[in-house]
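K.L.:
Take a look at the following structure, please.
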Amino acid sequence: MEAEIRAEFESSGFSIGGAGPEDAAEILSTLLTYCINYKMSPADLVSNWEVYYLNRQLDGLKLERSYLDGFLSHLQNEVKERLIEEEANLHVYSSNDVDMLLNNSHADEAAFLDTPGSKQEKPPGESSNTELTPLTNDRPSSSRMAKTNGDRITPFATRVNKFTQQYVLNSDNAASMPRNHEAETTEDELIRRIQPSQRCSLQVQRSQPEPGCRFMYDRMEDRFNYLEDRIRKSATLFSASGLCGEPADATLASEDKMFAVGMVTCDGEGRLNEKSILLQGSVEHSRGERVRLDLKDLDHFSLFPGQVVGIEGRNPSGHCFVASKLIDSIPVSVDVQLPSAKKQAVDNGSHHQNSDVGTLSRELSSVIAAGPYTTTDNLLFEPLQELLSYACRKQPQLLILMGPFVDSDHPDIKKGTVDQSFHDIFYSEVLRKIQDFTQYLGNTVRVILIPSVRDAHHDFVFPQPAFDLNLPEDITHQISSLANPSLFSSNQIHFGCCTVDILKQISGEEISRKPPGGKPGDRIGRLATHILKQQSYYPLYPPADGVPLDFSLAKEALEISSTPDVLLLPSDLAPFVKVLSLGEGSDDQKQFICLNPGRLAKGISGGTFVELYYNEDTSRTNASIIRI
């Protein structure tokens with residue numbers, strides 16, 4: 001029958017194939033299954049394919065494997081509509097009906113249990129809805145899940161090496177992590193339960209712009225003012241530091257040594273190279289003009305477009321500035337503390353804890369992950385469910401989830417084959433699971449959600465406002481959403497976070513030179529350090545393709561006024577946890593932890609996340625990169 005199917009497709013002008021003959025055979029086998037399951041002849045199958053092909057406006061006349069999932073959904077819808085037409089009184093049940101019945105069942109059960117004779121005293125902090133756990137009630141919550149889950153075994157479900165540690169930072173400190181030795185709640189020896197000693201504090205230092213802000217209204221003037229302010233502020237900080245002289249005009253011809261501050265730019269459209277480096281000064285010092293840089297006398301440097309640097313050297317001809325010294329770290333302002341009015345305490349009804357915040361111990365257990373949270377072959381969000389189940393066993397004080405949650409790069413989202421709105425997917429598949437998780441663990445856990453520009457259901461702008469969650473009042477103190485980027489603190493441990501893949505973007509634009517005979521340096525660490533040296537979450541200019549940078553919102557939102565203890569930079573690059581330093585060799589050297597948890601889902605398989613136990617400082621902190 002496979003030969004008949006192939007002949008029928010070819011007679012209609014279509015071909016079946018892929019990268020090789022094996023792909024064609026697999027596609028034919030799948031099509032044969034469709035014919036058998038839906039009782040179709042090859043001619044009926046081709047007729048349905050033509051309808052699907054025209055409705056989706058597909059390119060080319062070749063039926064490839066990537067089209068099969070969407071075609072299957074089309075066939076299922078056709079069968080359902082035919083059944084409804086044949087039997088007018090037939091009701092086709094969906095997951096919404098199932099959810100309604102389940103909710104009514106839980107409501108009836110709660111009403112039955114909540115009688116005067118059955119009420120029992122519960123310990124403080126214990127959730128009132130303990131039966132809603134991600135571990136036990138993994139019920140389908142969307143029609144997509146109802147269609148595809150069934151008896152299907154996904155590649156993610158058959159993965160091996162679950163929850164194995166790929167890397168451990170300060171492994172000698174792992175034994176000092178708090179453990180609950182009374183009882184183990186799982187047979188897996190790799191997963192142990194942490195009993196948090198107390199609820200962690202949470203303060204938001206910076207989370208801008210606000211939800212509902214106006215964007216796409218930036219003008220050329222906003223772009224100019226943003227770049228000019230960066231250069232002028234950096235020049236002021238260099239001058240106030242006393243380490244360098246007063247900034248001069250680098251475009252003027254002079255045989256005397258001078259110090260200039262400016263932004264690195266490229267003289268053309270291509271990638272930066274040693275022959276195309278220009279220095280753009282501020283309007284105040286050089287009227288905004290540019291001058292070519294000659295770096296032949298420098299034994300090492302690391303530069304990228306948009307980087308603000310201080311350079312010492314000469315300009316004998318007036319056309320080329322010959323550098324003898326380059327400073328790529330902007331001095332930190334003396335007043336780096338944020339006004340207390342800008343600090344937003346998230347602790348609901350616990351203002352007395354914040355007033356005594358100085359006595360809190362700088363210890364925190366956390367689990368950190370970045371999206372996507374579902375594999376590319378479905379929208380079941382299995383990796384997210386596994387992560388929440390892991391967190392239920394470990395019981396961290398803080399769970400940080402960074403976007404994308406509804407990934408605009410997901411094949412089903414891009415092809416438009418989903419039968420729900422993006423907001424419905426987020427609320428039913430993501431937020432409801434997180435709510436069940438917080439109800440299961442009670443008041444001892446906090447969850448922070450940070451969006452991404454790849455979130456299909458959220459504002460496509462950077463900086464990006466927080467999600468407007470509209471949560472029930474009883475859990476608003478447990479689930480918080482912050483802007484992208486944002487700065488917050490928990491138990492006096494300061495976190496900085498940006499979900500735009502700035503590491504990968506700077507990596508594609510940076511040029512560097514290492515000292516002669518020097519060993520290869522830590523390139524990822526160098527790229528991460530650039531973020532804090534430039535005191536900006538996004539120092540790259542012009543922005544990379546696909547980054548909707550709004551300069552009217554960027555001035556305060558992208559600024560890093562002080563070095564955080566933990567810098568979160570999710571990226572498509574390899575996951576890492578590193579202890580990095582700023583101001584090496586100086587009295588004010590500051591160490592911080594920079595981590596990329598990787599993507600929780602990679603293709604059709606699982607990715608990685610990070611478990612972090614911060615203990616006073618970097619030397620006693622333990623962190624693990626774990627495969628989901």
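The values are calculated or read from the model by the stated rules, or taken from the named source; none is laboratory data. Source: prediction; values computed, not measured. Cβ atoms come from the backbone with ideal geometry, glycine included; neighbour counts cover every protein chain shown. Each accessible area value is taken on the protein alone, full model and side chains, heavy atoms only, with ligands, DNA and RNA left out. Shrake-Rupley method; radii C 1.70, N 1.55, O 1.52, S 1.80 Å.
K.L.:
Could you list, in sequence order, all residues of the stretch 260-294 that are in a loop (DSSP other than H, G, I, E, B) and either β-branched (Val, Ile, Thr) or surrounded by 19 or more Cβ atoms within 10 Å (Cβ to Cβ) (or both)?
P.N.:
272, 281, 282
K.L.:
A follow-up question, please. Which number in (1) open to solvent by less than 10 Å² (accessible area, probe 1.4 Å); (2) modelled with pLDDT under 95; (3) out of contact with any Phe, Trp or Tyr (no Cβ under 9 Å at 6 or more places or on another chain) marks the one condition that residue 525 misses?
P.N.:
Residue 525 satisfies all of (1) open to solvent by less than 10 Å² (accessible area, probe 1.4 Å); (2) modelled with pLDDT under 95; (3) out of contact with any Phe, Trp or Tyr (no Cβ under 9 Å at 6 or more places or on another chain) except (3).
Yes/no matrix, rows are residues, columns are (1) more than 16 Å from the chain's Cα centre (by Cα); (2) over 27 Å from residue 208 (Cα atoms); (3) open to solvent by 40 Å² or more (accessible area, probe 1.4 Å):
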| residue | (1), (2), (3) |
| --- | --- |
| 547 | no, no, no |
| 566 | no, no, no |
| 594 | no, no, no |
| 600 | no, no, no |
| 608 | no, yes, no |
| 619 | yes, yes, yes |
| 626 | yes, yes, no |
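K.L.:
Right, something else. For residue 321, which of the numbered conditions (1) surrounded by fewer than 21 Cβ atoms within 10 Å (Cβ to Cβ); (2) over 22 Å from residue 531 (Cα atoms) fails to hold?
P.N.:
Among (1) surrounded by fewer than 21 Cβ atoms within 10 Å (Cβ to Cβ); (2) over 22 Å from residue 531 (Cα atoms), the lone unmet condition for residue 321 is (1).
K.L.:
I'd like the full set of residues that are in a strand (DSSP E or B) and within 28 Å of residue 412 (Cβ to Cβ), limited to the stretch 601-625. Lay out the reasoning, then the answer.
P.N.:
From the stretch 601-625, those in a strand (DSSP E or B) are 601-602, 605-606, 608-615, 617-625; that's our starting set.
The answer is 601, 602, 605, 606, 608, 609, 610.
K.L.:
Sticking with this structure for a sec: Could you please let me know if residue 494 is within 29 Å of residue 55 (Cα to Cα) and open to solvent by 20 Å² or more (accessible area, probe 1.4 Å)?
P.N.:
It is false that residue 494 is within 29 Å of residue 55 (Cα to Cα) and open to solvent by 20 Å² or more (accessible area, probe 1.4 Å).
K.L.:
Taking the stretch 579-600 on its own, how many of its residues are in a strand (DSSP E or B), basic (Lys, Arg) and at pLDDT 95 or above?
P.N.:
Counting residues in the stretch 579-600 that are in a strand (DSSP E or B), basic (Lys, Arg) and at pLDDT 95 or above gives 0.
K.L.:
Let me ask another. Between 210, 255, which is closer than 20 Å to residue 548 by Cβ and open to solvent by 30 Å² or more (accessible area, probe 1.4 Å)? Explain how you work it out, then say what you get.
P.N.:
On the way: 255 fails: closer than 20 Å to residue 548 by Cβ.
Going through 210, 255 in turn, just one is closer than 20 Å to residue 548 by Cβ and open to solvent by 30 Å² or more (accessible area, probe 1.4 Å): 210.
Yes/no per residue for (1) buried (at least 17 other Cβ atoms within 10 Å of the Cβ); (2) in a loop (DSSP other than H, G, I, E, B); (3) among the charged types (D, E, K, R); (4) without any contact (Cβ under 8 Å) to a residue 40 or more places away in the chain:
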residue	(1), (2), (3), (4)
8	yes, no, yes, yes
23	no, no, yes, no
28	yes, no, no, yes
34	yes, no, no, no
45	yes, no, no, no
53	yes, no, no, yes
66	no, no, no, no
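K.L.:
Something else now. Could you check residue 269 against (1) closer than 26 Å to residue 562 by Cβ; (2) within 33 Å of the chain's Cα centre (by Cα) and say which number it fails?
P.N.:
(1)
K.L.:
Mind checking which residues of the stretch 463-479 are crowded, with 21+ Cβ neighbours inside 10 Å and either more than 15 Å from the chain's Cα centre (by Cα) or not in a strand (DSSP E or B) (or both)?
P.N.:
Matches in the stretch 463-479: 463, 465, 466, 467, 478, 479.
K.L.:
Take the stretch 234-259 and flag every residue that is in contact with a Lys or Arg (Cβ under 8 Å, 6 or more places away or on another chain) and assigned to a strand (DSSP E or B).
P.N.:
254, 255, 256, 257, 258, listed by residue number.
K.L.:
Then there is this: If I ask for residues that are in contact with a helix residue (DSSP H, G or I) (Cβ under 7 Å, 6 or more places away or on another chain) and either farther than 23 Å from residue 306 by Cα or open to solvent by less than 20 Å² (accessible area, probe 1.4 Å) (or both), which ones from the stretch 549-564 would you list?
P.N.:
Scanning the stretch 549-564 gives 551, 554, 560.
K.L.:
Please determine whether any residue of the stretch 445-455 is open to solvent by less than 40 Å² (accessible area, probe 1.4 Å), of a type outside the set (Ser, Thr, Tyr) and farther than 24 Å from residue 608 by Cα.
P.N.:
So in the stretch 445-455, the residues open to solvent by less than 40 Å² (accessible area, probe 1.4 Å) come out as 445-453, 455.
Okay, now just the ones that are also of a type outside the set (Ser, Thr, Tyr), so 445-451, 453, 455.
Of the ones still in play, those that are also farther than 24 Å from residue 608 by Cα are none.
The answer is no, given that none of the residues of the stretch 445-455 is open to solvent by less than 40 Å² (accessible area, probe 1.4 Å), of a type outside the set (Ser, Thr, Tyr) and farther than 24 Å from residue 608 by Cα.
K.L.:
Taking the options 580, 567, 573, 600, name whichever one is of a type outside the set (Ser, Thr, Tyr) and over 24 Å from residue 521 (Cα atoms).
P.N.:
Going through 580, 567, 573, 600 in turn, the sole match is 600.
K.L.:
To continue, here is another question. Quick one: count up the residues across the stretch 222-236 that are among the aromatic types (Phe, Trp, Tyr) and either open to solvent by 40 Å² or more (accessible area, probe 1.4 Å) or free of Cβ contacts under 8 Å to residues at least 60 places away in the same chain (or both).
P.N.:
1
K.L.:
Return yes when residue 188 is loosely packed, with under 15 Cβ neighbours inside 10 Å, modelled with pLDDT under 90, of a type outside the set (S, T, N, Q) and more than 27 Å from residue 458 (Cα to Cα) and no when it is not.
P.N.:
Criteria met by residue 188.
K.L.:
Can you tell me which residues in the stretch 607-620 are at pLDDT 95 or above, within 15 Å of residue 495 (Cβ to Cβ) and β-branched (Val, Ile, Thr)?
P.N.:
610
K.L.:
Could you please find all residues in the stretch 385-409 being open to solvent by less than 10 Å² (accessible area, probe 1.4 Å), at pLDDT 95 or above and more than 27 Å from residue 363 (Cβ to Cβ)?
P.N.:
404, 405, 406
K.L.:
Another question, if that's okay. Go through 426, 437, 460 for me and flag whichever is farther than 13 Å from residue 601 by Cβ, aromatic (Phe, Trp, Tyr) and open to solvent by 10 Å² or more (accessible area, probe 1.4 Å).
P.N.:
It is 460.
K.L.:
While we're looking at this one, here's another question. Just to check your reading of the model, which residue among 582, 532, 573 is buried (at least 21 other Cβ atoms within 10 Å of the Cβ), of a type in the set (A, V, I, L, M) and in contact with a strand residue (DSSP E or B) (Cβ under 9 Å, 6 or more places away or on another chain)?
P.N.:
Answer to the check: 532.
K.L.:
Answer yes or no: is there a residue in the stretch 493-512 that is assigned to a helix (DSSP H, G or I), in contact with a strand residue (DSSP E or B) (Cβ under 8 Å, 6 or more places away or on another chain) and within 30 Å of residue 299 (Cβ to Cβ).
P.N.:
For the stretch 493-512, residues assigned to a helix (DSSP H, G or I), in contact with a strand residue (DSSP E or B) (Cβ under 8 Å, 6 or more places away or on another chain) and within 30 Å of residue 299 (Cβ to Cβ): present.
K.L.:
Pairs needed: first member in the stretch 551-564, over 15 Å from residue 541 (Cβ atoms) and assigned to a strand (DSSP E or B); second member anywhere, acidic (Asp, Glu) and open to solvent by less than 40 Å² (accessible area, probe 1.4 Å); C-beta distance under 9 Å; at least 6 residues apart or different chains.
P.N.:
From residues that are over 15 Å from residue 541 (Cβ atoms) and assigned to a strand (DSSP E or B), there are no pairs.
K.L.:
Cβ-Cβ below 8 Å, separation at least six or inter-chain, first residue in the stretch 353-377 and modelled with pLDDT under 90, second assigned to a helix (DSSP H, G or I): which pairs?
P.N.:
Pairs that qualify, where the first residue is modelled with pLDDT under 90 and the partner is assigned to a helix (DSSP H, G or I), are 360/353.
K.L.:
Condition first: among the hydroxyl-bearing types (Ser, Thr, Tyr) and in contact with a helix residue (DSSP H, G or I) (Cβ under 8 Å, 6 or more places away or on another chain). Now tell me which residues in the stretch 12-56 satisfy that.
P.N.:
Within the stretch 12-56, 12, 15, 29, 30, 34, 38, 41, 52 qualify.
K.L.:
Then there's this: Looking only at the stretch 497-522, count every residue that is surrounded by fewer than 24 Cβ atoms within 10 Å (Cβ to Cβ), within 19 Å of residue 547 (Cα to Cα) and either touching an Asp or Glu at 6+ places or on another chain (Cβ under 8 Å) or not aliphatic (A, V, I, L, M) (or both) and tell me the total.
P.N.:
Residues meeting the conditions: 7.
K.L.:
Could you pull out the residue among 447, 418 that is aliphatic (A, V, I, L, M) and assigned to a loop (DSSP other than H, G, I, E, B)?
P.N.:
It is 418.
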